[in-house]
Amino acid sequence: MNSNEEETESMILRRAFASRSNLASASLVPKRACLCGFSLEQPFGCKRGFTISRNLWRTGEFKKYVSEKCSNLDDALRLFSKMVSSRPPHSIISFTMLFVEVARMKYYSAVISLSKQVEELGIKHDIYSLNVLIGCFCQLRQVNFGFSLLGKALKLGYEPSSMILNSLMNGLIEEGKHFQTISLLDEMVNKGYQPDLVTYSTIIKGLCKSGNIGTAIQLLKKISQHGCKPDVVVYSTIINSLCKERQITQAMELFGEMLGKDIRPTIVTYNALIQGYCLRSQMDDAIKVFRMMVSQGYVPNIVNYNTLIFGYCQIDRMDEVMTLFQEMNQRRIFPDVVTYTCIISGLFRVGKPVVALQVFYQMQQFGRTPDSTTYSVLLNGLCLHGLFHDLDRIYQLMQDSGIKPDIVTYSILINAMCKSGRLSAARELFYSLSIEGLQPDIKMYTTMINGLCTEGLLGEAYQMFRKMEEAGYSLDSVAYNVIIKGYLQKNDMHMSTFLLHEMLDKKHSADASTSTLLADSLLKQFVIN
């Protein structure tokens with residue numbers, strides 16, 4: 001935001017808070033209206049069209065009709081066309097109800113466009129229609145236009161509702177304007193307005209989402225000072241963000257503070273803490289929180305168990321995984337695709353590929369359809385353990401199931417083909433990616449370069465090495481080490497030295513195996529000379 005925009009917002013806010021009164025919570029549409037509306041004599045969407053009659057507002061059916069019949073944008077646009085051609089024209093309340101439905105479909109630009117047409121008909125906006133429009137502009141990250149509409153509302157004599165201010169705050173947060181958001185909140189408080197819990201929740205959620213957890217915690221401390229009591233949603237939002245950032249100690253402190261205020265945690269709160277400990281591989285603490293949750297009368301769900309299973313798999317404690325798996329069955333909590341995928345990954349990690357395959361087939365027997373992540377985990381595990389025959393079979397199953405491989409899957413397959421000596425197949429698959437609309441990543445380029453070097457095709461490997469650079473990738477130490485080792489293995493000291501100097505100039509370094517090969521090559525050259 002430039003200085004002129006800040007001035008505009010500041011001026012609008014000063015006018016908004018010029019008179020001191022409590023904010024009236026405004027819903028998106030009025031609950032009751034005495035204005036004349038319309039109803040339909042014929043079902044909307046039939047082949048012969050429909051006609052509009054004049055008694056719907058009195059029967060209170062219009063809102064229900066719009067909600068039920070406008071299932072898509074085309075329906076809404078056809079209804080709008082009938083409304084604007086009607087004589088006498090319909091009220092802004094009728095149009096606002098339609099705008100709400102279109103906004104719920106997330107066609108925010110369409111709402112703005114339709115509202116302009118309504119204005120051209122001479123139909124004036126009210127606080128409710130302006131409320132919807134401000135929300136749409138904020139959703140489109142055009143909060144400046146939202147503030148302009150707030151100014152328009154003030155000119156019409158309306159006071160800003162809490163819903164409007166919440167929308168503007170959310171819009172500021174979405175645009176990363178956290179300073180302006182806090183300023184707007186302070187302005188509300190200074191002028192005697194009482195922000196509600198929705199306001200605080202909106203700001204705290206936005207701050208956490210953008211990584212400003214510290215500011216969110218500071219705001220949490222102010223809530224009580226402003227006469228508002230934080231609830232479990234506010235606390236859980238911050239606790240969840242802290243846990244994702246692995247700041248579990250601070251999260252537990254807030255958890256204790258919440259309990260001290262007799263705010264009962266939800267199962268979401270507990271799972272955030274469990275996940276926080278799992279991310280730090282503190283599984284003993286994670287299971288303690290889980291048992292605490294159960295002791296408080298909460299029935300664990302599939303998310304709780306999947307979080308724990310993932311944590312134990314990450315540290316190769318598969319015995320505890322199987323114990324939890326059995327416990328799930330006892331509680332009649334049926335494993336889902338995430339459960340099975342985690343277990344398959346863990347079994348590969350501990351060197352049990354055959355058992356991992358058995359679990360894969362078992363999940364299908366129990367009606368769980370593998371997704372692309374499951375297949376990627378399975379293919380990668382089989383590749384790492386050299387089970388290329390099984391890999392081909394699983395890949396065929398993946399194709400038969402209609403799951404389209406993504407760049408991760410293709411990378412695994414190319415790696416497997418190179419390792420199993422099927423360079424031609426790997427090359428063919430690599431060059432076909434563009435047909436699928438996919439771009440090889442740096443890891444895939446490096447895999448192909450390594451495969452070409454292994455087969456002694458150094459010229460083609462060097463061309464691909466440069467092609468990777470032309471594709472916009474920054475050549476890293478891994479790529480340099482791969483191709484340098486290829487030339488060293490062929491005793492090509494000229495190219496090896498050239499690439500080594502180039503690598504060092506780019507502040508990359510040789511790895512242990514490259515250094516060993518280089519030393520051996522230099523020693524051989526010294527002995528020969």
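Can you find even one residue in region 144-167 that is modelled with pLDDT under 85, in contact with a Cys (Cβ under 8 Å, 6 or more places away or on another chain), in a helix (DSSP H, G or I) and open to solvent by less than 20 Å² (accessible area, probe 1.4 Å)? Scanning region 144-167, I find at least one residue that is modelled with pLDDT under 85, in contact with a Cys (Cβ under 8 Å, 6 or more places away or on another chain), in a helix (DSSP H, G or I) and open to solvent by less than 20 Å² (accessible area, probe 1.4 Å), so the answer is yes.
Name the single residue, out of those in region 268-284 being open to solvent by 50 Å² or more (accessible area, probe 1.4 Å) and in a helix (DSSP H, G or I), that is nearest to Ile333 (Cα to Cα). Restricting to residues being open to solvent by 50 Å² or more (accessible area, probe 1.4 Å) and in a helix (DSSP H, G or I), the top hit is Val268. Residue count for region 416-430, restricted to those that are open to solvent by less than 70 Å² (accessible area, probe 1.4 Å) and either of a type in the set (S, T, N, Q) or within 25 Å of the chain's Cα centre (by Cα) (or both): 1.
Within region 465-483, the set of residues being surrounded by 21 or more Cβ atoms within 10 Å (Cβ to Cβ) and among the aliphatic types (A, V, I, L, M) comprises Met468, Ala479, Val482, Ile483. For the criterion of being open to solvent by 60 Å² or more (accessible area, probe 1.4 Å) and at pLDDT 80 or above, Glu120 passes.
Within region 232-253, being surrounded by fewer than 19 Cβ atoms within 10 Å (Cβ to Cβ) and either hydrophobic (A, V, I, L, M, F, W, C) or part of a loop (DSSP other than H, G, I, E, B) (or both) holds for Val232, Val233, Glu245, Arg246, Gln247, Met252.
Can you tell me which residue within region 285-311, out of those that are open to solvent by less than 30 Å² (accessible area, probe 1.4 Å) and in contact with a Cys (Cβ under 8 Å, 6 or more places away or on another chain), is farthest from Ser241 (Cα to Cα)? Residue satisfying both the conditions and the ranking: Ile309. Would you confirm, using the coordinates I've provided, whether Ile394 is touching a helix residue (DSSP H, G or I) at 6+ places or on another chain (Cβ under 6 Å) and part of a helix (DSSP H, G or I)? Answer is yes for this residue.
Using the structure shown, decide if Gly211 is within 29 Å of Gly311 (Cβ to Cβ), open to solvent by 20 Å² or more (accessible area, probe 1.4 Å) and not in a helix (DSSP H, G or I). Here the answer is yes, as Gly211 does meet what is asked. Quick one: would you say Leu413 is over 23 Å from Ser372 (Cα atoms) and either aliphatic (A, V, I, L, M) or surrounded by 18 or more Cβ atoms within 10 Å (Cβ to Cβ) (or both)? Taking the combined requirement at face value, the residue does not satisfy it.
Scanning region 218-230 for residues that are open to solvent by less than 50 Å² (accessible area, probe 1.4 Å) and closer than 17 Å to Ile263 by Cα yields Leu220, Ile223, Cys228, Pro230. So the check is Cβ under 7 Å with 6+ separation or different chains; which pairs have a first residue in region 375-396 that's within 17 Å of Ile343 (Cα to Cα) and a second one that's crowded, with 16+ Cβ neighbours inside 10 Å and of a type in the set (S, T, N, Q)? Correct list of pairs: Tyr375/Thr409; Ser376/Thr409; Val377/Thr341; Val377/Ser345; Leu379/Thr409. Filtering region 467-505 down to residues that are assigned to a loop (DSSP other than H, G, I, E, B) and touching an Asp or Glu at 6+ places or on another chain (Cβ under 9 Å), which residue is nearest to Thr446 (Cα to Cα)? Ranking the candidates gives Leu475 first.
Restricting Glu469, Glu455, Glu436, Glu460 to residues that are modelled with pLDDT under 90, touching a Leu at 6+ places or on another chain (Cβ under 6 Å) and not β-branched (Val, Ile, Thr) narrows the list to Glu469. Take Tyr128 and decide whether it is assigned to a helix (DSSP H, G or I) and open to solvent by 60 Å² or more (accessible area, probe 1.4 Å). So Tyr128 fits the description; yes. Filtered by the rule that a residue be among the β-branched types (Val, Ile, Thr) and outside any loop (DSSP other than H, G, I, E, B), region 399-439 gives Ile407, Val408, Thr409, Ile412, Ile414, Ile435. When region 176-207 is filtered for residues that are under 19 Å from Lys229 (Cβ atoms), open to solvent by 20 Å² or more (accessible area, probe 1.4 Å) and part of a loop (DSSP other than H, G, I, E, B), the ones remaining, listed by number, are Gln194, Asp196. The number of residues in region 276-299 that are under 25 Å from the mean Cα position of the chain (by Cα) and under 21 Å from Thr266 (Cα atoms) comes to 5. For beta carbons closer than 6 Å, sequence separation of 6+ or different chains, a first residue in region 102-127 that is among the polar types (S, T, N, Q) and a second that is buried (at least 19 other Cβ atoms within 10 Å of the Cβ), the qualifying pairs are Ser115/Leu133. Among the residues making up region 164-174, those that are touching a helix residue (DSSP H, G or I) at 6+ places or on another chain (Cβ under 6 Å) and either hydrophobic (A, V, I, L, M, F, W, C) or farther than 17 Å from Leu219 by Cβ (or both) are Ile164, Ser167, Leu168, Met169, Gly171, Leu172, Ile173. Screening region 431-463 for residues that are closer than 19 Å to Asn491 by Cβ and among the hydroxyl-bearing types (Ser, Thr, Tyr) and picking the one that is most open to solvent (accessible area, probe 1.4 Å) gives Thr454.
The values are calculated or read from the model by the stated rules, or taken from the named source; none is laboratory data. None of the values given here were measured: they were computed from a predicted structure. No Cβ is skipped: glycine too gets one built from the backbone with ideal geometry, and neighbour counts run over all protein chains shown. In case anyone asks, the SASA skips ligands and DNA or RNA and just uses the protein heavy atoms, side chains included. Shrake-Rupley method; radii C 1.70, N 1.55, O 1.52, S 1.80 Å.
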